[in-house]
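Participant: One structure, as structure tokens, below. Some questions next.
The values are calculated or read from the model by the stated rules, or taken from the named source; none is laboratory data. Remember, it's a predicted structure, so these values are computed and weren't measured experimentally. In this analysis, Cβ positions are derived from the backbone assuming ideal geometry, glycine residues included, and neighbour counts consider all displayed protein chains.
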Amino acid sequence: MMKPENTTPLQRHALLAALGAPDHRFNRTRAGYVPAGATSAPAFTFRLMRMLEAGYLVTFDSTEFPTSATLTLQGVCLAETLRAIAEAKSTRRQTAGGVR
């Protein structure tokens, strides 16, 4: 299983974005892959999606021309861990004397 410390900032951003999407899914658009149901969200490249697939964090709906990528159970677990880490850091900053 991929560890949180082994993920890049862009991978973390994509995983957290997918965690908030219905069915934890990205849809392919002309700009790239965006979280399903998002009205204004950053688009992630196919290259990043392939990196996530190589780490067994997402699966594509088609091998020839994928139109969506869905988080695997491992991807959901990692995204939830990343969210918990981010919330803990935020709480620590607030109790240490204010938000930056």
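Participant: Can you find a residue in segment 28-36 that is closer than 15 Å to Ala79 by Cα, among the hydrophobic types (A, V, I, L, M, F, W, C) and surrounded by 14 or more Cβ atoms within 10 Å (Cβ to Cβ)?
Facilitator: Step one: list which residues in segment 28-36 are closer than 15 Å to Ala79 by Cα, which gives 35.
Adding the requirement that they be among the hydrophobic types (A, V, I, L, M, F, W, C) leaves none.
No, every residue in segment 28-36 fails to be closer than 15 Å to Ala79 by Cα, among the hydrophobic types (A, V, I, L, M, F, W, C) and surrounded by 14 or more Cβ atoms within 10 Å (Cβ to Cβ).
Participant: For segment 71-83, which residues satisfy the criterion of being assigned to a helix (DSSP H, G or I) and closer than 14 Å to Ala17 by Cα?
Facilitator: Gly75, Val76, Cys77, Leu78, Ala79, Glu80, Thr81, Leu82, Arg83 - these are the residues of segment 71-83 that are assigned to a helix (DSSP H, G or I) and closer than 14 Å to Ala17 by Cα.
Participant: Same structure again: Only one residue in Ala17, Ala41 is part of a helix (DSSP H, G or I) and out of contact with any Phe, Trp or Tyr (no Cβ under 6 Å at 6 or more places or on another chain), so which one is that?
Facilitator: Checking each option against the conditions leaves just Ala17.
Participant: Restrict the check to segment 52-60 and report whether at least one residue is crowded, with 17+ Cβ neighbours inside 10 Å, touching an Asp or Glu at 6+ places or on another chain (Cβ under 9 Å) and at pLDDT 95 or above.
Facilitator: Yes; the residues of segment 52-60 include at least one that is crowded, with 17+ Cβ neighbours inside 10 Å, touching an Asp or Glu at 6+ places or on another chain (Cβ under 9 Å) and at pLDDT 95 or above.
Participant: Looking at (1) more than 26 Å from Lys89 (Cα to Cα); (2) touching a residue at least 12 places away in the same chain (Cβ under 8 Å); (3) touching a strand residue (DSSP E or B) at 6+ places or on another chain (Cβ under 9 Å), which is the only condition Tyr56 fails?
Facilitator: All conditions pass for Tyr56, except number (3).
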